[in-house]
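Below is a structure I'd like to ask you about.
The values are calculated or read from the model by the stated rules, or taken from the named source; none is laboratory data. Bear in mind the structure is a predicted one, so any value in this text is a computation, not a measurement. Ideal geometry is used to build each Cβ from the backbone, glycine not excepted, and the neighbour counts take in all protein chains shown.
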Amino acid sequence: MLSVALGFIAGLVAWTFLEYVIHSWLGHLPKGKILISSEHLKHHADILYFTPLALKVRGAVPVLSILLLSTSALFGLAVGLGFISAVALGWVSYEWLHQSIHVNGPTNWYSRWAARHHLHHHFTRPNHNHGVTTPLWDLVLRTYERAPRVRVGRRHVATLPWLASGLNAGPVQPAFMADYDVI
């Protein structure tokens, strides 16, 4: 049981690095020349576009399979199962949080931070803040940029359904005025 737990902890850390690699090195650096990058650039052009689930699964299954086989071969099946369980959980959590940031908006302190951090990446500095669930690798690899307030172009406010206020109020919901400026 200890082996599974140790594999799980290692898998959570590994997931955070894999998230950074997928987003930064595979999503941005190839500039649309590979599928992951072209899908990611579609998302940057239309922040309510998300890669179809079937395509995500088609990409995740080989990655998870290779990770399971390699960690099991190196450290045993128990560690491999714990490791791959954590990577898969991290991946699903990332997908849920990422979509929630765009569609639902923040509901607690963590999602408030994550939304500011990630939307700063979208609207201000696309070469920064590649970690969505954690800033760990942005800090290590020096791509972190603090985002106390996010500047959102007027044309983008409507693409964030949770951010836009009613017609008689300001352009931003009162609950989010401290974190977002409309320019």
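Does at least one position in the stretch 88-95 carry a residue that is within 21 Å of Asp46 (Cβ to Cβ) and either in contact with an Asp or Glu (Cβ under 8 Å, 6 or more places away or on another chain) or of a type in the set (Ser, Thr, Tyr) (or both)?
Yes, the stretch 88-95 contains at least one residue that is within 21 Å of Asp46 (Cβ to Cβ) and either in contact with an Asp or Glu (Cβ under 8 Å, 6 or more places away or on another chain) or of a type in the set (Ser, Thr, Tyr) (or both).
As an exercise: evaluate Tyr49 against (1) part of a helix (DSSP H, G or I); (2) over 14 Å from Gly11 (Cα atoms) and give the number of the one condition it does not meet.
(1)
Follow-up question, since we're still on this one. When you scan the stretch 99-114, do you find a residue that is touching a residue at least 60 places away in the same chain (Cβ under 8 Å), among the hydrophobic types (A, V, I, L, M, F, W, C) and surrounded by 14 or more Cβ atoms within 10 Å (Cβ to Cβ), even just one?
no
Looking only at residues that are of a type in the set (Ser, Thr, Tyr) and without any contact (Cβ under 8 Å) to a residue 40 or more places away in the chain in the stretch 19-39, which one is nearest to Thr133 (Cα to Cα)?
Ser37
(1) over 17 Å from Thr16 (Cα atoms); (2) among the charged types (D, E, K, R); (3) in contact with a Phe, Trp or Tyr (Cβ under 9 Å, 6 or more places away or on another chain); (4) touching a residue at least 40 places away in the same chain (Cβ under 8 Å): which one isn't true of Asp179, the others all being true?
Tallying (1) over 17 Å from Thr16 (Cα atoms); (2) among the charged types (D, E, K, R); (3) in contact with a Phe, Trp or Tyr (Cβ under 9 Å, 6 or more places away or on another chain); (4) touching a residue at least 40 places away in the same chain (Cβ under 8 Å), Asp179 fails exactly one: (3).
Quick test for you: out of Ser72, Ser85, Ser93, pick the one residue that is without any contact (Cβ under 8 Å) to a residue 24 or more places away in the chain and in contact with a Phe, Trp or Tyr (Cβ under 9 Å, 6 or more places away or on another chain).
Ser72
Considering only the stretch 1-11, state which residues are surrounded by fewer than 20 Cβ atoms within 10 Å (Cβ to Cβ) and closer than 17 Å to Leu67 by Cβ.
Listed by number, the residues that qualify are Ser3, Val4, Leu6, Phe8, Ile9, Ala10.
Let me ask you something else. Taking the condition of being touching a helix residue (DSSP H, G or I) at 6+ places or on another chain (Cβ under 7 Å), surrounded by fewer than 19 Cβ atoms within 10 Å (Cβ to Cβ) and aromatic (Phe, Trp, Tyr), how many residues in the stretch 12-27 meet it?
Residues that pass the stated criteria total 1.
Return the only residue of Lys56, Lys42 being more than 22 Å from Trp137 (Cα to Cα), in a helix (DSSP H, G or I) and either among the hydroxyl-bearing types (Ser, Thr, Tyr) or in contact (Cβ under 8 Å) with a residue 24 or more places away in the chain (or both).
Exactly one of Lys56, Lys42 is more than 22 Å from Trp137 (Cα to Cα), in a helix (DSSP H, G or I) and either among the hydroxyl-bearing types (Ser, Thr, Tyr) or in contact (Cβ under 8 Å) with a residue 24 or more places away in the chain (or both), namely Lys56.
Among residues belonging to the stretch 144-158 that are crowded, with 16+ Cβ neighbours inside 10 Å and assigned to a loop (DSSP other than H, G, I, E, B), point out the one that is modelled with the highest pLDDT.
Among those residues, the one meeting the criterion is Tyr144.
Please work out which residue is farthest from Thr159 (Cα to Cα), limiting yourself to the stretch 122-143 and to residues that are in a helix (DSSP H, G or I) and free of Cβ contacts under 8 Å to residues at least 12 places away in the same chain.
The qualifying residue farthest from Thr159 (Cα to Cα) is Val140.
Ok, one more. Considering (1) within 23 Å of Leu26 (Cα to Cα); (2) under 12 Å from the mean Cα position of the chain (by Cα); (3) not charged (D, E, K, R), say which one Leu139 fails and leave the rest.
Among (1) within 23 Å of Leu26 (Cα to Cα); (2) under 12 Å from the mean Cα position of the chain (by Cα); (3) not charged (D, E, K, R), the lone unmet condition for Leu139 is (2).
From Leu53, Leu68, which residue is farther than 26 Å from Val157 by Cβ and loosely packed, with under 13 Cβ neighbours inside 10 Å?
Leu53
Restricting to the stretch 3-39, what's the tally of residues that are within 15 Å of Leu141 (Cβ to Cβ), of a type in the set (D, E, K, R) and part of a loop (DSSP other than H, G, I, E, B)?
0
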